[in-house]
1. Could you tell me how many degrees, from 0 to 90 and to the nearest 10, lie between the Cα long axis of helix 112-127 and the main elongation axis, the longest principal axis, of the Cα atoms of the chain?
2. Taking a quarter of the surface of the convex hull around the Cα atoms of segment 128-234, what do you get in nm²?
3. For the chain, what does the helix formula give at 222 nm: sum of -39500 (n - 2.57) over DSSP H segments with n ≥ 4, over the residue count, nearest 500 deg cm²/dmol?
4. Kindly list the residues of segment 236-278 that lie in the label zone of N373, defined by a backbone N under 20 Å from the point 7 Å along the Cα-to-C-beta vector.
5. What does the charge add up to near A362, with Lys and Arg as +1, Asp and Glu as -1, over the other residues with Cβ less than 13 Å from its Cβ?
6. Could you run the Karplus curve 6.51 cos²θ - 1.76 cosθ + 1.60 with θ = phi - 60° over segment 38-55 and give me ³J(HN,Hα) per residue in whole Hz, x for Gly and Pro?
7. Give, as a single signed number, the net charge of other residues whose beta carbon lies under 12 Å from the beta carbon of D159, with Lys and Arg counted +1 and Asp and Glu -1.
8. What is the Å³ per residue value for the convex hull set by the Cα atoms of the chain?
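The values are calculated or read from the model by the stated rules, or taken from the named source; none is laboratory data. What you are looking at is a predicted structure, and each value in this text was computed from that prediction instead of being measured. Because the Cβ atoms are built from the backbone with ideal geometry, glycine has one as well, and the counts that use them run over all protein chains shown. Calculation scope for accessible area: heavy atoms of the full protein, side chains included, ligands and nucleic acids excluded. Shrake-Rupley method; radii C 1.70, N 1.55, O 1.52, S 1.80 Å.
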Amino acid sequence: MSLWWANREQLDPHQVSLIEELPLLGNYLVTGPPGSGKTNVLLRRAQFVRLQEMPNILVLTFTRALAEFVRTGCYNDGREIFPPALVTTLESWLRSIYKTYGLELPANQKDQNARRAEMAAGVLSVAQGGQLPRYDAIFVDEAQDLMKEELAVLQAYSDNLFFVGDDRQKIYGGAAGLQAVRSLVPAPSEHLLPFHYRLVREICLMADRIQVATGVTSLAATQHYVGPTPGRISAEGPLARAAQIAAASARLRDQVRVYEDLIQQGDRLGVIVPRRDDREEVFKIFEQDPNLSGRSQVVRARDGTAEDRSFQTSIDTTKPILILTAQGAKEGLEFRAVQWLFSDDLQGVYTAEVYYTVVTRAKTSLDIYYTKNLPTQIAKAYSPSYRQKLVTA
């Protein structure tokens, strides 16, 4: 079961209109804050279009974790309502075209942006004279992270593009952002989802202090949260790494029990770390805890290495604790509670968009741990008065 998937009667009028009332043909851009239902609208719109004798469609995400997350919305009470095979990552789709035409993949590069651009250019070179039919429509989540070369590929493969995104959640450097989407010819018809339903007020207030886009109403002013209250935000430190993991373990032991009913309905608990190696370190320690053993899993994004290609991509729905990097905490992924470890390790690298995205992954509870100093972006946004005791957590 998926908590993020809403039945039609649970949708608001704005969402229903975008799914069912827009013309079938044309380019569209849907923006909105975290928790506004962008991914829900994306998948439901894809389902709606597919039923209008336009079955050759594709739903694209940026990370495998998010693709797995979206696929959980392809079922309702065990019944398939949308083919999960039509949901994939942008990179997996590009790789499949290379394989179809017998093209050699670009060499692995340290510069991921250069690799992405080269891969897109290779696909674009075969688009015009290739044998693959163009798609009836392509649907793209996290459009703010598209590069201009990738946008060109999308245009080459379909005349009907449906994008959802939020520039405040842009994580990848070198991305063209939503302004590039707006510059497409023909320009997409743009629509805003004004309300959000995922984030408790305390999380909204903190995120608004990190970043509010020009001309966009604050999260706190547009929230219609339904869930456990009050929200909880805590900052712990300075603490050694081992002490941070121990504190997070203790909190997770409580949350697995407190949120048991919500976890059974599909909710997850997130553990966010700065580096890939940190994921393995934390996972090994969790596995040594008899109360957490078998309850967590590492979430990876593609990096092109041999180890990456052999890694099992599916998210195990029986393991509610997901361990991932800040880069992997993409738009669409959501957690009832987040443990953010070693938050100051890469503070010179993280942008405001990264901090904003990580904070808004938490629906109800956020625990932040630091080794030396609370990161500046967080210190300016975190109020110790938020540190309330939840009756239930």
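1. Helix 112-127 sits roughly 20 degrees off the main axis of the chain.
2. Here the figure is 9.1 nm², rounded to one decimal.
3. When only DSSP H runs of four or more count, the value is -10000 deg cm²/dmol.
4. 236-241, 274
5. For residues surrounding A362, the net value is +4.
6. Each residue of segment 38-55 in turn: 4, 5, 4, 4, 4, 6, 5, 5, 4, 4, 5, 4, 4, 7, 9, 6, 10, x Hz.
7. Local net charge: 0.
8. So the per-residue hull volume is 138 Å³.
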